[in-house]
Amino acid sequence: MINILNVLVRILIHSFVYTQVKMSKPSIYSNFYLANFITIDGIQYKSSEHYFQSHKFIYPGASNRSLEYAELIRTCNTPYQCKMLGTQKKNGRYGWQKQINELIDKYNDLKIRNDWEEVKDTIMWEAL
């Protein structure tokens, strides 16, 4: 019985995720949903993804360059663009990605904060 429930839950999750990916606009439950009203500590973020990815480069003692990069991430037009910058992973399928790739190359000396694995869950909860 438990195996059947596990299979059903996986099917439901897969269907939900597949629907989210195929939809032109993410649902309000997605971290890619453009809310434009997320304000934390007086700073506005377009989505929870913007908050999450930018905070990979905001930490006590962060360099001005790291904070500059975090601001680039925060002000990206779309959650996908900020995810590319935040993960520092390049992709070249579309023309707009080449501009993001150039920024990743420009800031390739920066590394994600050392304590990211310890703080990332807290940061996501703050965004929610």
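Please treat every number below as a calculation from the coordinates, not as lab data. Owing to the predicted nature of the structure, the values given are computational and were not obtained by experimental measurement. When we count neighbours, we look across all protein chains shown, and the Cβ atoms used for this are built from the backbone with ideal geometry, even at glycine.
Assuming R0 = 25 Å, can you tell me the calculated FRET efficiency for the pair D41 and E118, based on Cβ-Cβ distance, to the nearest 0.05?
Details: r = 20 Å, r/R0 = 0.80.
Calculated value: 0.80.
Quick check on the exposure proxy: order R65, R93, R113 from fewest to most C-beta atoms within 10 angstrom.
Details: R65 12, R93 7, R113 20.
Arranged by neighbour count, lowest to highest, R65, R93, R113 become R93, R65, R113.
At 7 Å along the Cα-to-beta-carbon direction for both K98 and L128, put a label point, then send me their distance in nm to one decimal.
4.0
If the limit is 19 Å between Cα atoms, which of K46/K90; K90/K120; K46/K106; K56/K120 go over it?
Numbers: K46/K90 22 Å; K90/K120 22 Å; K46/K106 24 Å; K56/K120 8 Å.
The pairs that break the limit, which is 19 Å between Cα atoms, are K46/K90; K90/K120; K46/K106.
If you rank H50, H55 by fewest surrounding Cβ atoms within 10 Å, what's the result? Display every interim value, and only then the final one.
On the way: H50 28, H55 25.
With the fewest neighbours first, H50, H55 line up as H55, H50.
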